[in-house]
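Contents: one structure, followed by commentary.
The values are calculated or read from the model by the stated rules, or taken from the named source; none is laboratory data. A quick note: this is a predicted structure, and the numbers were derived from the prediction, not measured. Every residue, glycine as well, gets a Cβ built from its backbone with ideal geometry; the counts of neighbours run over all protein chains shown.
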């Protein structure tokens, strides 16, 4: 059983990893210096640090989105807006706290996290208690949220121009890695620890697979859904914090705009079913980095400004078709057929089919092309 | 436990619901009926939370078209074109003297404009044009995006650099601002006056992060450039962040010249500190000029007609003053000497 499970996990990660590998190969073909790094201003600089830096908010949101998708069988489309609100709160609390120190930054961050959890609780209560469709429930904030952030901002986009917050969004002297990358790694570690030490993964999966069966086994589905939305709210707050310290300015209109779509896409690329059930957070994290690598690859290949969106969309469509259950099932069937032929020892007239069969297990998904 | 849970959920919901109307209706406060002698004006505008530009625009309209200035004005703020049209029809029914429109969508206005005309209401468009016959409105006061672009390019070409290798960061492709501001650079390139090293966009949200990625891609590809031409301030900021992280000097005494648009106060402070080089105004304050037309009409002068362009200025590190920042800037002022890193 455990072997089967490990195998399932392996095939789930196969898709995002292979896509990432393809992208990296494309980048290497474009220029062999892709991985080269140098030290600038005491921090590592190069393509890889840039990718890790750029994807930090998306990675964090993708983690929360994975949990929500798994338990509630739907997506939260208000994560970007939630991040805009929590970061607005962060900025206001910080700017009104008198002097800016690590302590006041920490406290303001905690306040913004509390707001994020409250937003998650709001969405969660709609979904878990009132059984509203997740996308409809979160549409409320998606529509009204930026106005709320705008009011919190006092109708002006406030500026966070001081050394400490720009160190958080950039580099802390003496640390060779950009701070958002470190914060993201820390966040991933905390989540990993949380998942390992609690039953959350099991409970969320069972609720997502069959709510009634979960309830019969003593799991309260409403509670689990509510909890996952609160965790996503917290993720939004952390992402908002990173985004606003990076930007150095709170622009309620544009901060984290459209990020929810990328977060959902990251979950899907990670091989997770958007219809709930078993999930892999590692897959979503790789998915998030894949999206970042993809958009940077298109820039590196100097795809025309007008066509860059179309390229991105086409790439993602091809990817999703390859990953679709229909193609997967067909590939698996084809693979089984080839294997059974081999086992039966039926010798066909030429070695051509055998050659094809030999090459197949390595690339089952590509058989259709 | 479960009950407790439910109560918490309901409380959260109520708290959020209580907040929502405050936000939704805060923008649309309306008051009182017309008094004798006041000029009745109906303003159909976009919501202030659309952008810093719009916030300044809405406020400017409220300040200029006030009772103190002899106006009985009402303003509707919505980003929905059909709601805007409904509001305009309402103003026409109310018998306003002037109707001012900044349309969410450039099409679909023909019928409203015609009914305004037959009701004897004078229509001015501000900030945004409408695709309609010019006879359907009196005049339109808008920014000349092409002129803004030319201002920037002329400033750049007067800097006496041995060559101009530009990273062009466009805004939302196809928008009036993007087309006008890009056109000047493309024209200068076609004339051989500058070269475009990288041509990117911040996308539909004029995104700081996307702009940063465009510059990072150029840096890691080892491209040589000495000008950043970003079509708004947020994208210029993202570009500068990419330069700073890569240790490339910029601004007054640096290698790369930084050009931004829109006159955000933080951007003007950056120019003042020599962190950036040049910023071009895109004025959201059309109300005073339209008001002067209306007042002039009362004294017998003719109203202007057709498209009228606003006069807009630019600043560089030599010409910027605190006065300009206070008077013409938009959004929050970070204070003198503060730069956004």
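A few notes on this one:
- Residue check for residue A:89: within 14 Å of residue A:230 (Cα to Cα), touching a residue at least 12 places away in the same chain (Cβ under 8 Å) and either more than 14 Å from every other protein chain (Cβ to nearest Cβ) or surrounded by 18 or more Cβ atoms within 10 Å (Cβ to Cβ) (or both): no
- Residues (under 18 Å from residue A:302 (Cβ atoms), touching a helix residue (DSSP H, G or I) at 6+ places or on another chain (Cβ under 8 Å) and either touching a residue at least 60 places away in the same chain (Cβ under 8 Å) or more than 11 Å from chain B (Cβ to nearest Cβ) (or both)) located in the stretch A:32-53: A:47, A:50, A:51
- Total residues in the stretch A:123-136, condition more than 8 Å from chain B (Cβ to nearest Cβ) and either in contact (Cβ under 8 Å) with a residue 24 or more places away in the chain or under 14 Å from residue A:86 (Cα atoms) (or both): 5
- Residue B:58 vs. criteria touching a strand residue (DSSP E or B) at 6+ places or on another chain (Cβ under 7 Å) and closer than 16 Å to residue B:135 by Cα: no
- Matching option when the condition is at pLDDT 90 or above, surrounded by 14 or more Cβ atoms within 10 Å (Cβ to Cβ) and touching a helix residue (DSSP H, G or I) at 6+ places or on another chain (Cβ under 9 Å), among B:9, B:70: B:70
- From the list B:298, B:318, the one residue that fits, being at pLDDT below 95 and not assigned by TED's automatic domain parsing to the domain that holds residue B:129, is B:298.
- Of the strands (runs of 3 or more DSSP E) lying entirely inside the stretch B:155-266, those containing at least 1 residues that are in contact with a strand residue (DSSP E or B) (Cβ under 9 Å, 6 or more places away or on another chain), within 14 Å of another protein chain (Cβ to nearest Cβ) and in contact (Cβ under 8 Å) with a residue 40 or more places away in the chain are B:165-170, B:227-230.
- Criterion violated by residue B:315 - all others in (1) under 18 Å from residue B:252 (Cβ atoms); (2) assigned to a loop (DSSP other than H, G, I, E, B); (3) touching a strand residue (DSSP E or B) at 6+ places or on another chain (Cβ under 7 Å) satisfied: (2)
- Every condition in (1) within 14 Å of chain A (Cβ to nearest Cβ); (2) crowded, with 17+ Cβ neighbours inside 10 Å; (3) assigned to a loop (DSSP other than H, G, I, E, B) holds for residue B:320 except the one numbered (1).
- Given (1) modelled with pLDDT of 95 or more; (2) within 21 Å of the chain's Cα centre (by Cα), number of the condition residue B:250 does not satisfy: (2)
- Single residue of the stretch B:267-291 satisfying the filter (within 14 Å of chain A (Cβ to nearest Cβ) and outside any helix (DSSP H, G or I)) that is nearest to residue B:50 (Cα to Cα): B:284
- Checked against the criteria, residue B:336 does not count as assigned by TED's automatic domain parsing to the domain that holds residue B:202, in contact (Cβ under 8 Å) with a residue 40 or more places away in the chain and not in a helix (DSSP H, G or I).
- Residue in the stretch A:23-30 that is surrounded by 12 or more Cβ atoms within 10 Å (Cβ to Cβ) and either assigned to a strand (DSSP E or B) or facing chain B (nearest Cβ under 9 Å) (or both) present: yes
- Residue B:148 vs. criteria in a helix (DSSP H, G or I) and within 11 Å of chain A (Cβ to nearest Cβ): no
- Number of the exception - residue A:146 against (1) more than 8 Å from chain B (Cβ to nearest Cβ); (2) under 26 Å from the mean Cα position of the chain (by Cα); (3) under 24 Å from residue A:55 (Cα atoms): (1)
- The set of residues in the stretch B:94-108 that are in a loop (DSSP other than H, G, I, E, B) and either within 22 Å of residue B:298 (Cβ to Cβ) or in contact with a helix residue (DSSP H, G or I) (Cβ under 7 Å, 6 or more places away or on another chain) (or both) comprises B:95, B:96, B:97, B:103, B:104, B:105, B:108.
- Against the numbered list (1) surrounded by fewer than 23 Cβ atoms within 10 Å (Cβ to Cβ); (2) in a helix (DSSP H, G or I), residue A:99 comes up short only at (2).
- Number of residues in the stretch A:209-256 that are assigned to a helix (DSSP H, G or I), under 21 Å from residue A:172 (Cβ atoms) and within 10 Å of chain B (Cβ to nearest Cβ): the value is 3.
- Selection of helices (runs of 4 or more DSSP H) fully inside the stretch A:299-369 by the criterion of at least 3 residues being modelled with pLDDT of 75 or more returns A:308-323, A:325-344.
- One residue stands out among those in the stretch B:114-141 that are assigned to a helix (DSSP H, G or I) and surrounded by fewer than 21 Cβ atoms within 10 Å (Cβ to Cβ): the one that is farthest from the chain's Cα centre (by Cα), which is B:118.
- Residue A:182, sole failed condition from (1) modelled with pLDDT of 95 or more; (2) within 12 Å of chain B (Cβ to nearest Cβ); (3) under 22 Å from the mean Cα position of the chain (by Cα): (2)
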